[in-house]
1. Just the residues that are touching a Ser or Thr at 6+ places or on another chain (Cβ under 9 Å) and surrounded by 20 or more Cβ atoms within 10 Å (Cβ to Cβ), please, taken from segment 120-147.
2. Do we find a residue being loosely packed, with under 14 Cβ neighbours inside 10 Å, farther than 19 Å from residue 51 by Cβ and of a type in the set (S, T, N, Q) anywhere in segment 80-90?
3. If we scan segment 20-38, do we find a residue that is at pLDDT below 80 and within 18 Å of residue 136 (Cα to Cα)?
4. Spot the failing condition for residue 63; the list is (1) more than 15 Å from the chain's Cα centre (by Cα); (2) surrounded by fewer than 14 Cβ atoms within 10 Å (Cβ to Cβ), and only one is missed.
5. Considering only residues of segment 82-110 that are in contact with a Ser or Thr (Cβ under 6 Å, 6 or more places away or on another chain) and of a type outside the set (Ser, Thr, Tyr), which is farthest from residue 124 (Cα to Cα)?
6. Looking at segment 47-68, which of its residues are within 22 Å of residue 134 (Cβ to Cβ) and either touching a residue at least 60 places away in the same chain (Cβ under 8 Å) or of a type in the set (A, V, I, L, M) (or both)?
7. Being modelled with pLDDT under 90 and either of a type in the set (D, E, K, R) or not in a strand (DSSP E or B) (or both) is the filter here, so list the residues in segment 39-51 that pass it.
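The values are calculated or read from the model by the stated rules, or taken from the named source; none is laboratory data. All figures in this text were calculated on a predicted structure; none of them were measured in a lab. Here Cβ is always computed from backbone atoms with ideal geometry, including for glycine, and neighbour counts include all displayed protein chains.
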Amino acid sequence: MKQLLLAIVVLLGFATASCEQWDSILTFNIEEEENFIIPASPLIGQIVPVTPITVDANSSEEFKNNDTRADLVKDVVLNKLDLQITDPQGENFDFLKKVEIYISAENKDEVKVAYLEEVPQGVSSLVLKTTNVKLDQYIKGETYTISTRATLAKAVANDVTVKAKMRFKVTANPF
């Protein structure tokens, strides 16, 4: 009886390790960079409308480069999103109180993918917290839209250009 129990425990251990190895073999990242503009605004404490960005998803090419197809992708999450001010030079995020990033696609609901509730002072780059929501259906399509909602801490005298660097973790199914 003890040998049977030991055999079951060892078998479960191998199965778990094997699944983790398969996931690491079948996991890759898709990197995207997009720019958006936070418009000049005197509206302190208000959510500033930022023009949504439509992104051409080159996912089929990325899937092919990683020896898989869209129908084999089982899990996509945004696991990193960084923002960096690119213009005007020397600007920092002191004007920003809070920021939220959303994704949407045709016939798909808009969902929050990243946010920062309290923007630190004196910095020109931010690392946002991701929501780990599943994004398979958004990334598999031809396009998706990134929307930004920014709440101002103080007036913005000039338009501010921000580069968003996004990294999507993709896990494919081998079967």
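1. Listed by number, the residues that qualify are 138, 139, 144, 146.
2. yes
3. Within segment 20-38, one or more residues are at pLDDT below 80 and within 18 Å of residue 136 (Cα to Cα).
4. (2)
5. Across segment 82-110, the extreme among qualifying residues is 110.
6. 52, 53, 54, 55, 56, 57, 59, 62, 63, 66, 68
7. 42, 43, 44, 45, 46, 50, 51
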